[in-house]
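Worksheet: one structure, shown below.
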Amino acid sequence: MARLVVPSLSVRNARIAFDGHLVAERLSLEIPAERTTCLLGRSGIGKTSLLRYLAGLLPGTTRAAPLAYMAQQDRLLPWLSALDNVLLGYRLRGDEAARRKAEPRARALLAEVGLGDRLNDLPRTLSGGMRQRAALARTLCEDRPVILMDEPFAHLDAVTRLDLQDLAVRLLAGRTAVLVTHDPLEALRVAHEVRILQGAPFTVGPAILPPGAAPRDPADPELLALQARLIGELRGSGPGDLP
């Protein structure tokens, strides 16, 4: 079997706007291949806009590589079961053979996110956290070399959040992943590098490299000290105006 080609992502002298508002100008950024990068910043700074730019979802942009994108909203189709929602991408592409091949993976992912007994349930019967977990399973089931996630662990209780962070670290290994988060400790737990967005239009700070291998112990004193530093930087960055 051919090895999956996993690209890096490059932003070169980009101008990013959202709803007529300038988010970033002359922005250059390198996202390394086969590593997880967390974009950290205060609400409204433009993290989602940057993720949409990377995904080719903004006007005038193109998708640079085969990727899976997880939005903040779960976007489950209400008339499909949890399992069929996880396999939705294959259905939309009309590739029945690939869908059948991916079904065992979808079932396994739903089990790993705690929904193994809810495969046939419709979204309206699931809690908000369950829907978020199903959306995460759908993203990972796409098996793409590039994974973009916008607040993938939001709306989850603390223990489930930690468990799914651990799962994501394992399943994202060897892929180019970009995660948006508001949570400094979450970024430090799961990422190879953390980049802070600051200002309006925003700039992206230098890479911050958490110590040790992910997923990191949230009680590690070195990690907590680094979290305090990041919070200090974020408090000085000022709020943004855009999602």
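The values are calculated or read from the model by the stated rules, or taken from the named source; none is laboratory data. Just so you know, these numbers come straight off a predicted model, no measurement behind them. When we count neighbours, we look across all protein chains shown, and the Cβ atoms used for this are built from the backbone with ideal geometry, even at glycine.
A few comments on the model shown:
- Residue check for Arg42: part of a loop (DSSP other than H, G, I, E, B) and at pLDDT below 95: yes
- Of all residues in segment 60-97 being surrounded by 14 or more Cβ atoms within 10 Å (Cβ to Cβ) and of a type in the set (Gly, Ala, Ser), the one that is modelled with the lowest pLDDT: Ala64
- Applying the condition of being hydrophobic (A, V, I, L, M, F, W, C) and under 26 Å from Phe18 (Cβ atoms) to segment 175-189 and asking which residue is nearest to the chain's Cα centre (by Cα) yields Leu179.
- Note on segment 78-94: residues that are touching a residue at least 12 places away in the same chain (Cβ under 8 Å) and either more than 12 Å from Leu109 (Cα to Cα) or in a loop (DSSP other than H, G, I, E, B) (or both) total 9.
- Filter result (in a loop (DSSP other than H, G, I, E, B) and among the hydrophobic types (A, V, I, L, M, F, W, C)) within segment 203-239: Ala207, Leu209, Ala213, Ala214, Ala219
- Restricting attention to segment 98-114, the residues that are under 20 Å from the mean Cα position of the chain (by Cα) and either among the aromatic types (Phe, Trp, Tyr) or buried (at least 18 other Cβ atoms within 10 Å of the Cβ) (or both) total 5.
- Applying the condition of being touching a helix residue (DSSP H, G or I) at 6+ places or on another chain (Cβ under 8 Å) and assigned to a helix (DSSP H, G or I) to segment 136-161 and asking which residue is surrounded by the most Cβ atoms within 10 Å (Cβ to Cβ) yields Ala137.
- Residue that is surrounded by the most Cβ atoms within 10 Å (Cβ to Cβ), among those in segment 25-47 that are more than 20 Å from the chain's Cα centre (by Cα) and touching a residue at least 24 places away in the same chain (Cβ under 8 Å): Leu27
- Any hit, segment 198-215, residues being aromatic (Phe, Trp, Tyr), without any contact (Cβ under 8 Å) to a residue 60 or more places away in the chain and crowded, with 16+ Cβ neighbours inside 10 Å: no
- Considering segment 195-243, and only residues there that are acidic (Asp, Glu) and modelled with pLDDT of 90 or more, the residue that is nearest to the chain's Cα centre (by Cα) turns out to be Asp217.
- Matching residues, segment 115-124, being in a helix (DSSP H, G or I) and either surrounded by 12 or more Cβ atoms within 10 Å (Cβ to Cβ) or in contact with a helix residue (DSSP H, G or I) (Cβ under 8 Å, 6 or more places away or on another chain) (or both): Pro123
- Residue check, Leu156 at pLDDT below 95, touching a strand residue (DSSP E or B) at 6+ places or on another chain (Cβ under 6 Å), in the same structural domain as Gly41 (by TED's automatic domain parsing) and not hydroxyl-bearing (Ser, Thr, Tyr): no
- Only one entry in Ala108, Ala168 is at pLDDT 95 or above and part of a helix (DSSP H, G or I), namely Ala108.
- Each residue in segment 111-125 was checked for being within 15 Å of Arg75 (Cα to Cα) and modelled with pLDDT under 95, and 0 pass.
- Meets criteria (surrounded by 13 or more Cβ atoms within 10 Å (Cβ to Cβ) and not assigned by TED's automatic domain parsing to the domain that holds Gln132) for Leu50: yes
- Residue within segment 49-62 that is touching a Pro at 6+ places or on another chain (Cβ under 8 Å) and either in a strand (DSSP E or B) or closer than 29 Å to Gln227 by Cα (or both) present: yes
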